[in-house]
Amino acid sequence: MKTARIVFGLVLLAGLALAQEIPVMPYDSLMEDRVSADGCVEREDEYEYPAELKNPATGITVSWGFDDSLMYLALETRGKGWFGIGFGSPVMNESNMIIGFYTDDSAEVYNMVGKEHSHTPPIHVDSLLLDWDIDFDDETGVTAFEVIYPLKWHGEGAPETFAPAEFLKEAAIPGLAPGDLFDLILAQNTKSVSFMAKHTHRAGLKFKLAENPHVVSEEGE
């Protein structure tokens with residue numbers, strides 16, 4: 001009986017450890033004031049983002065937070081090719097993806113939906129990303145892009161500018177809801193900026209969108 005209790009305790013502790021490892025995108029009502037989408041993540045004087053996720057499988061660091069209607073994202077990598085993040089699916093297929101690249105000649109960030117092992121043709125940033133920038137730091141060798149993006153990308157509550165984007169309806173989910181658990185994909189190709197080139201590194205994981213305290217308090221009244 002004692003052995004059984006020890007085994008049960010170890011299993012319980014392992015389960016708790018796994019649960020604690022699920023990253024959380026935190027709520028912050030001041031995200032609009034905190035974040036400047038300029039392609040540089042501020043950490044020296046004051047942290048620009050309330051939380052970050054370092055993914056060793058891809059080498060990508062994600063900084064993030066959200067407010068009542070928008071999420072604020074920054075991706076950083078030392079790779080020289082394309083890199084991005086996808087929501088709603090643990091694989092590229094049906095994942096709502098934000099992908100960017102930087103070269104001496106051009107720099108772009110695109111919004112796409114994954115289709116099988118590829119994606120729909122890129123939709124230009126001016127039409128569907130609310131704000132963005134991408135830059136390369138010569139001193140650190142880090143490329144970073146920052147994006148401000150709606151929590152809802154199609155259906156009720158989505159921005160009017162997103163409504164004509166029929167391809168977004170093919171994503172696995174219509175958006176992110178506070179308090180829920182979602183699939184996430186990180187991917188990059190460290191050698192090529194061509195989106196036709198397959199990723200060299202990829203990771204699928206779960207993350208949680210924190211509760212929105214304003215919504216929780218309203219429901220509790």
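The table below lists the values:
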| read-out | value |
| --- | --- |
| H124-E21 FRET efficiency (beta carbon distance; Förster radius 35 Å; 0.05 resolution) | 0.45 |
| Mean separation of Cα contacts under 8 Å (6+ apart) over length of the chain, as relative contact order % | 23 |
| Correct choice for Cα extents along the principal axes in Å that was computed from the model, options (i) 68, 44, 43; (ii) 50, 38, 38; (iii) 49, 38, 32 | (i) |
| DSSP-loop GluC sites (Glu not before Pro) across the stretch 134-193, with at most 15 other Cβ within 10 angstrom | E139, E156 |
| Label-point separation in nm, A197 to D68, each point 7 Å along Cα→Cβ | 4.4 |
| Cα→Cβ-extended label distance, 7 Å offset, between E170 and D105, nm | 2.8 |
| Whether the stretch 125-164 is rounded, prolate or oblate, judged on the alpha carbon gyration tensor where a/c under 1.5 counts as rounded | prolate |
| DSSP-assigned coil residues among GluC sites (Glu not before Pro) in the stretch 68-121, each with at most 13 further Cβ atoms within 10 Å | E116 |
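Every read-out reported here was derived from the displayed coordinates using simple, explicitly stated rules and does not represent laboratory data. Only a predicted model underlies this, so the values are computations on that prediction, with no experimental measurement involved. Reconstructed Cβ throughout: ideal geometry from the backbone, glycine too, with neighbour counts over all protein chains shown.
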